[in-house]
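The values are calculated or read from the model by the stated rules, or taken from the named source; none is laboratory data. Treat the numbers as computed from the prediction; the structure is a model and nothing was measured. Ideal geometry is used to build each Cβ from the backbone, glycine not excepted, and the neighbour counts take in all protein chains shown. In case anyone asks, the SASA skips ligands and DNA or RNA and just uses the protein heavy atoms, side chains included. Shrake-Rupley method; radii C 1.70, N 1.55, O 1.52, S 1.80 Å.
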Amino acid sequence: MERANEAKLVQTEHGKIPEGEGWFILNMSDARWWKNDKFGSVCRFEGETRFPHYGINVRVLEPGQPACHYHAEEEQEDFLILQGECKVILEGREWSLKQWDLVHCSKGTRHVFVGAGKGPSVILMVGSRTEGEILYPIDPGAQKYDACAPNETDSPEESYREVKKREPVKAEWPLRGSR
């Protein structure tokens, strides 16, 4: 087996990103974040090269702010609430979540997360990276939080057509253990 190369961390205006493939260590407070007024902030830990097997990111949602549109994917996804409170609309039912709750979504599980409580909720999100099917259905519970596509679709481009793109930003919220 060949030894893995180290990916170079490149400083951008909005934080560090890895360049190319390889191992790296990156503190979230130093990383590039993305922000959208509708869908909150996200740290993806990736540069131009995406992780090939699974995506991992940390989302920060303010109360009432959805993470994305209600959807179902062809592969599993897992979510760990690291801080605060949030809600998940899961298969048409609303659940309240708190710190350290884990949500496992098997193939085809319809879901969306929405910030709740009195402050930001922080969610670790992990999912496989296949190019399988995705569905953005309409759900009354998700509509209550403006967390649905305008019409049912299987196209991410169509689902987010009217949503402003995320902009790169520096880490904005207080990160414990920041360097």
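Could you give me D for the stretch 1-149, from Stokes-Einstein at 37 °C and 0.692 mPa s, where the hydrodynamic radius is the Kirkwood radius over C-alpha pairs? Units µm² s⁻¹, please. Don't skip to the answer; put the middle values down first.
On the way: Rh = 16.2 Å.
For the chosen part, D equals 202 µm²/s.
Remark: the stretch 134-150, residue by residue, has Karplus-estimated 3J(HN,Hα) of 9, 10, 10, x, 8, 9, x, x, 6, 4, 4, 9, 6, 10, 10, 5, x Hz, where x stands for each Gly or Pro and the curve is 6.51 cos²θ - 1.76 cosθ + 1.60 at θ = phi - 60°.
State the three equivalent ellipsoid semi-axes of the stretch 24-78, derived from the C-alpha gyration tensor as the square roots of 5 times its eigenvalues, in descending order and whole Å.
Working: eigenvalues 81, 63, 16 Å².
For the stretch 24-78, the ellipsoid semi-axes come out as 20, 18, 9 Å.
In this view, the solvent-accessible surface of Arg59, computed with a 1.4 Å probe and all protein chains in place, comes to about 30 Å².
With springs only between Cα atoms under 10 Å apart, run a GNM on the chain and tell me which of Val122, Val88, Val103 wobbles the most. Comparing Val122, Val88, Val103 in the GNM, the peak value goes to Val103. A compact globular protein would have a Cα radius of gyration near 2.2 N^0.38 Å; the ratio found for the stretch 86-162 is 1.15. Within straight-line reach of Lys118, meaning a Cα separation under 18 Å, sit the following lysines at least 8 residues removed in sequence or on another chain: Lys38, Lys87, Lys98.
What does the charge add up to near Ser96, with Lys and Arg as +1, Asp and Glu as -1, over the other residues with Cβ less than 12 Å from its Cβ?
Details: positive: Lys87, Arg93, Lys98; negative: Glu85, Glu94, Asp101.
Value of the local net charge: 0.
Per residue, the accessible area of the stretch 72-164 comes to 56 Å² when a 1.4 Å probe rolls over the protein heavy atoms.
Using the Cβ of Tyr54 as centre and a radius below 14 Å, the other residues enclosed give a net charge of -4, where K and R count +1 and D and E count -1. The GNM of the chain, with springs linking C-alpha atoms under 10 angstrom apart, assigns the highest mean-square fluctuation among Glu48, Glu75, Glu158 to Glu48. For the chain, carbon and sulfur atoms together expose 48% of the accessible surface, with a 1.4 angstrom probe and every protein chain in place.
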